[in-house]
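> Submitted below is the structure of interest, expressed as structure tokens.
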Amino acid sequence: RRPQQRRKMAEKASSGTMAGQEQEQELRVKYDLVSTIAPYLDLHMMFPLIQYLQGREGMYKEKDLTYVLLDFLRATNMVDYTLEILGGLDQSEIDPNEEAVLNERRDGAVKELEELEAMCAPLLEILRNEEELQRLIQNGNFNLRYLSEHNEVDEDTVDAFYRYGKFNYEIGNYQDTIYIMLYFRELAPNSPNAFMALWGKLAAELLMLKTTDHVVNALKDVLQLQKLLDDRDENLQTQRDHLEQLQFRSWLLHWALFLFFKFPIDEPEEDSDGAAATGEYPDAKGMPNYLLSQMIEFFFARKHIDAIQTNCPWLLRYLVAASVISYRRQRKFKHKLTMVVQQEHYQYRDPLTRFVDCLYIDFNFDLAQETLKECEVVMANDFFLEHLVDEFKESARLAIFETFCRIHTKIDTRMLSDKVDLGGEDAEQWLVNLIQGAKLDAKIDSKQNCIVMDQDRPEIYQQIIDKTKDLAYRSYQLANECQARHQKSEQQI
């Protein structure tokens, strides 16, 4: 009987493991957002996402992803990369004439690049002479008026320079694109192409995040685009203008994910004299936490959170992840996050948003703990969140612990350890550290194995003041906006 019992137990354990794997696989595919966010990304930004999916076994077929990558590459001028991908495919499944067509396209791309370079040769000559360039900048002479008089650089040259930078981006030369678009905006700040040049510069920077300087420059460009979009709000007239503005903001929010979540942790030591040296920005070690804090404030900006709720509610996943990880540093946004997640129930839900529901709305701590396990699976298979799983889990435990403590007066430590999925000899020390970190007015009774909470609730009058403070501010903003629109309509009449 014993061998039979052991065999049955083994079969049961094996079936349980298989069921768990199937459930995990279902979660990975169900909550994959790559196809959802793809329409809001530049074509070149899709390459790292597809390459990431190729490294995740079982999510999608390797062959299908390769053909998707190939379709994207065909729409660019990255001909060499396209030929490299084609070379790894079964030659019987591809057009035998495609290689010849691509070689012809490459010759055409090289010719076009040379023609554009010749058209802006006077300007490129200045930029390649570092001493001359710095002299012009220091003397305030790096402008179109001066260069047209002394260096034969006219508006046509500057226009060709913009097209030259755009073409460099199309062939995957992102580093040169950054500098070209930077100097183009210096020479033609009022050009119709200046706005799109900033988008091109940002796209190239997001694909070249290697050092703290790259990150700081990209952050500056993100904030500058935010300001430009806010300034454009004053000139919106037609419904089409408003829809275009919403689309721009949606793009910016999606693009910013590369900045806020894909920072290069392993930074080379030689970058120590960069942006962080001035003290204005943190060093490489402190930059990830700084970026998460910036991301929370950026996403919670009124016009951005409106865009998320209107057009792209799936971005709440990343807002929840950043908010939970930054739980100790960004507590002020907890109420606003809970409110937004609750409002968007009908549009978007995933394990991360359900975790907020369970913890802050339903106060269902058992379900919050179960949902946390699903969060780990989803985050581990998300391009932007995969490296933050451990931080999220630790911060989520802290949030569960603090919320549980704040609504109870006496808590059994063994039961609480189970709530946060922690046991063993280190449980009590972990609880002590959390009480100190959360600044809770509590003490641990080791004899009775419990935590005793001192309840110090604010007066009802203070609660009313806190709840109406934000309402008064939003009403004031709404009144000002209505007045501005009224004055604008009167002027048009």
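The values are calculated or read from the model by the stated rules, or taken from the named source; none is laboratory data. Small disclaimer: the values here were computed from a predicted structure and weren't measured. Cβ sites come from the backbone with ideal geometry, for glycine too, and all protein chains shown count toward neighbours. Note: accessible area is taken over every heavy atom of the protein model, side chains too, but ligands, DNA and RNA are not part of it. Shrake-Rupley method; radii C 1.70, N 1.55, O 1.52, S 1.80 Å.
> Using a 1.4 angstrom probe on heavy atoms only, work out the carbon and sulfur share of the accessible area of region 171-262 in %. Please report the intermediate quantities before stating the final value.
On the way: 1950 of 3940 Å².
C and S atoms contribute 50 percent here.
> May I pose another question? Hey, could you get me the Stokes-Einstein D for region 17-57, Kirkwood radius over alpha-carbon pairs, 10 °C and 1.306 mPa s, rounded to whole µm² s⁻¹?
Reported coefficient: 137 µm²/s.
> Taking 1 over the mean of 1/r across every pair of different Cα atoms in region 321-383, what Kirkwood radius in Å do you get?
12.1 Å is the Kirkwood radius here.
> Describe numerically, in nm with one decimal, the distance between label points set 7 Å from Cα along Cα→Cβ at Glu104 and at Glu22.
5.2
> Shifting gears a bit: Note down the nm distance, to one decimal, between modelled labels 7 Å out along Cα→Cβ at Ala380 and at Ala472.
It is 5.0 nm.
> Give the peptides 200-210, 304-314, 185-195 in descending order of average Cβ contacts within 10 Å, highest first.
200-210, 304-314, 185-195
> Stretch Asp154-Leu127 to full length: gain in nm at 0.36 nm per residue minus the Cα-Cα span?
8.2 nm
> How much accessible area does Val389 have with a 1.4 Å probe, in Å² rounded to the nearest 10?
Number for this one is 20 Å².
> Could I have the simple spin-label model distance between Gln138 and Glu481, label points 7 Å from Cα toward Cβ, reported in nm to one decimal?
The modelled label-to-label distance comes out at 4.9 nm.
> Find the accessible area per residue for region 333-374; the probe is 1.4 Å, ligands and nucleic acids are left out, and the unit is Å².
Accessible surface, normalised per residue, equals 47 Å².
> Additional query: Find how many whole Å separate the alpha carbon centroid of region 337-375 from the alpha carbon centroid of region 132-156.
Here the answer is 57 Å between Cα centres.
> Please report the carbon-and-sulfur percent of the accessible area for region 113-167; probe 1.4 Å, protein heavy atoms only, DNA, RNA and ligands left out.
The value for region 113-167 is 42 percent carbon and sulfur by accessible area.
> Of the peptides 352-359, 89-96, how do they stack up when ordered by the mean number of other Cβ atoms within 10 Å, highest first?
Most protected by this proxy first, the peptides run 352-359, 89-96.
> From the C-alpha gyration tensor of region 31-81, pull out the three semi-axes of the equivalent ellipsoid (sqrt of 5λ each), sorted largest to smallest, in whole Å.
Over the Cα atoms of region 31-81, the semi-axes work out to 18, 14, 8 Å.
> Using only protein heavy atoms and a 1.4 Å probe, report how much of Lys111 is accessible, in Å² to the nearest 10.
120
> Give, in nm to one decimal, the length gained when the segment between Asp283 and Lys303 is fully stretched (0.36 nm per residue of separation minus the Cα-Cα distance).
On the way: separation 20, 0.36 × 20 = 7.20 nm, distance 3.01 nm.
Value of the extension gain: 4.2 nm.
> Let me check something: with ligands and nucleic acids excluded, how do Arg414, Arg317, Arg232 order by accessible area (1.4 Å probe), largest to smallest?
Largest accessible area first, the list is Arg414, Arg232, Arg317.
> Moving to a separate point now. Among Lys227/Lys332; Lys303/Lys336; Lys30/Lys393, which pairs are too far apart, with a Cα-Cα distance over 26 Å? Kindly include the intermediate steps, with their values, before the conclusion.
Values: Lys227/Lys332 24 Å; Lys303/Lys336 14 Å; Lys30/Lys393 21 Å.
Exceeds cut-off: none, every pair is within range.
> May I ask you to evaluate 6.51 cos²θ - 1.76 cosθ + 1.60, the Karplus curve with θ = phi - 60°, for each residue of region 304-310 and list the ³J(HN,Hα) values in order in whole Hz, giving x for glycine and proline?
The phi angles translate into 6, 5, 5, 5, 4, 5, 7 Hz.
> May I pose another question? Assuming R0 = 22 Å, what is the FRET efficiency of Lys410 and Tyr461, from their Cβ-Cβ distance, to the nearest 0.05?
0.20
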